[in-house]
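Participant: My structure is below; once you've seen it, I'll send some questions.
The values are calculated or read from the model by the stated rules, or taken from the named source; none is laboratory data. All of these numbers come straight from a predicted model, not from anything done at the bench. All Cβ positions, even for glycine, are placed from backbone atoms using ideal geometry, and neighbour counts span all protein chains on display. Only protein heavy atoms, including side chains, enter the accessible area calculation; ligands, DNA and RNA are left aside. Shrake-Rupley method; radii C 1.70, N 1.55, O 1.52, S 1.80 Å.
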Amino acid sequence: VQLQAFGGGLVQERGCLRLSCAASGRTISSSNIRSWFRQAPGKEREFVAAINSRLGATSYTDSVKGRFTISREIGNNTVYLQMDSLKPEDTAVYYCAAKSGSASWLWKSYSYWGQGTLVTVSS
């Protein structure tokens, strides 16, 4: 599975961005959990959101609930992260990841990773 993340950039506080993660590869169909993580400078990588690409079920970390929305486009194996009402503390490198089975908040449980895309929110 190959994952490619797009859409990061510089945005002002209370602005919005949409990240995309395109997946390809023969085993993508078995990697039903697609997630976003982020890592700020000097901090641990943290879970942001996940979606079960077969069922559509979603989960979010508390700090982004009501502001971020994860969705998928089944036909092209792409997952999106719509980020609204951005805050300076959302500044981080955002990574998309994939695994099979159940959603997990543990980054070490994910088998496949895309390159990061930097999101910077200015105050």
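Participant: When residues of region 2-27 are filtered for being open to solvent by 30 Å² or more (accessible area, probe 1.4 Å) and in contact with a strand residue (DSSP E or B) (Cβ under 7 Å, 6 or more places away or on another chain), how many remain? Talk me through it step by step, then tell me what you get.
Facilitator: So the first thing to find is which residues in region 2-27 are open to solvent by 30 Å² or more (accessible area, probe 1.4 Å), and the list is 2, 4, 6-8, 10, 12-14, 16-18, 22, 24-27.
Still in the list and also in contact with a strand residue (DSSP E or B) (Cβ under 7 Å, 6 or more places away or on another chain): 2, 4, 6-8, 10, 12-13, 16-18, 22, 24-25.
Summing the residues that are open to solvent by 30 Å² or more (accessible area, probe 1.4 Å) and in contact with a strand residue (DSSP E or B) (Cβ under 7 Å, 6 or more places away or on another chain) in region 2-27 gives 14.
Participant: Follow-up. Please specify each residue of region 30-78 satisfying the condition of being outside any helix (DSSP H, G or I), of a type in the set (Ser, Thr, Tyr) and touching a residue at least 40 places away in the same chain (Cβ under 8 Å). Working first, answer last.
Facilitator: Step one: list which residues in region 30-78 are outside any helix (DSSP H, G or I), which gives 31-61, 65-73, 77-78.
Of the ones still in play, those that are also of a type in the set (Ser, Thr, Tyr) are 31, 35, 53, 58-61, 69, 71, 78.
Matches in region 30-78: SER31, SER35, SER59, THR61, THR78.
Participant: Tell me which of these TRP105 doesn't satisfy, since it passes every other one: (1) surrounded by 15 or more Cβ atoms within 10 Å (Cβ to Cβ); (2) assigned to a loop (DSSP other than H, G, I, E, B); (3) not aliphatic (A, V, I, L, M).
Facilitator: The one condition TRP105 does not meet is (1).
Participant: Give the residues of region 40-62 that are open to solvent by 60 Å² or more (accessible area, probe 1.4 Å) and among the polar types (S, T, N, Q), sorted by residue number.
Facilitator: Passing the criteria: only THR58.
Participant: Can you pull out every residue in region 23-66 that is among the small types (Gly, Ala, Ser), modelled with pLDDT under 95 and closer than 20 Å to SER104 by Cα?
Facilitator: Listed by number, the residues that qualify are ALA23, SER29, SER30, SER31, SER53, GLY56.
Participant: Step by step: first the residues of region 79-102, then only those that are more than 27 Å from SER29 (Cα to Cα) and either among the basic types (Lys, Arg) or in a strand (DSSP E or B) (or both), then the one that is nearest to the chain's Cα centre (by Cα). Which residue is that? Can you show your working first?
Facilitator: Filtering region 79-102 for residues more than 27 Å from SER29 (Cα to Cα) gives 84-92.
Now drop any that are not either among the basic types (Lys, Arg) or in a strand (DSSP E or B) (or both), which leaves 87, 92.
Details: LYS87: 17, ALA92: 12 Å.
Taking the candidates together, the pick is ALA92.
Participant: Within region 10-52, count every residue that is small (Gly, Ala, Ser) and at positive phi.
Facilitator: Here is the first cut: in region 10-52, the residues small (Gly, Ala, Ser) are 15, 20, 22-25, 29-31, 35, 40, 42, 49-50.
Filter again for at positive phi, leaving 25, 42.
Qualifying residue count for the region: 2.
Participant: Another question, if that's okay. Just wondering, is there one or more residues in region 67-77 that are open to solvent by less than 60 Å² (accessible area, probe 1.4 Å), of a type in the set (Gly, Ala, Ser) and more than 21 Å from LEU118 (Cα to Cα)?
Facilitator: No - not one qualifying residue is present in region 67-77.
Participant: I've got another one for you. Picking from SER30, SER123, which residue would you name as being open to solvent by 30 Å² or more (accessible area, probe 1.4 Å) and touching a Pro at 6+ places or on another chain (Cβ under 6 Å)?
Facilitator: On the way: SER30 fails: touching a Pro at 6+ places or on another chain (Cβ under 6 Å).
Selected residue: SER123, the only one of SER30, SER123 that is open to solvent by 30 Å² or more (accessible area, probe 1.4 Å) and touching a Pro at 6+ places or on another chain (Cβ under 6 Å).
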